[in-house]
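Participant: Sending over a structure as structure tokens; questions will come in a sec.
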Amino acid sequence: MQSFWRDLRYALRLLLKNPGVTLGAGIALALGIGANTAIFSLLDAVVLRPLPYKDPDQLVLAGYAGQRLPLQILSTGKIRIRASRALRP
């Protein structure tokens, strides 16, 4: 335990000796922790929490890609619909 305190005092002395390096390391740590927190918060809100709707397994996504491309309807849960039809103007 005594060597730990000796090493800690030595590290603090070196950090005080080079304030630019200390500031750079502090900024790098702050940015890293902030970015990690922001990414986890976004991931938690989008992926990990359930949707705030009644029966979210029955939500359906419909998309149209272009003038002559088919309409695709995809379900996300228990009901699996894979329908495709050509749209004509």
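The values are calculated or read from the model by the stated rules, or taken from the named source; none is laboratory data. Since this is a predicted model, take the numbers as computed values, not measurements. Note that each Cβ is placed from the backbone with ideal geometry, even for glycine, and that neighbours are counted across all protein chains shown.
Participant: Pairs, please: C-beta under 7 Å, at least 6 apart or cross-chain, first residue of a type in the set (V, I, T) and in segment 15-37, second part of a helix (DSSP H, G or I)?
Facilitator: Hits for this filter: T22/L15.
Participant: Moving on to the next point. If you go through segment 1-56 one residue at a time, how many are among the polar types (S, T, N, Q), modelled with pLDDT under 95 and within 28 Å of the chain's Cα centre (by Cα)? If you could, list the steps in order and put the result at the bottom.
Facilitator: Of the residues in segment 1-56, the ones among the polar types (S, T, N, Q) are 2-3, 18, 22, 36-37, 41.
So of that shortlist, the ones also modelled with pLDDT under 95 come out as 2-3, 18, 22, 41.
After this cut, where a residue has to be within 28 Å of the chain's Cα centre (by Cα) as well, the list is 41.
Final tally of qualifying residues: 1.
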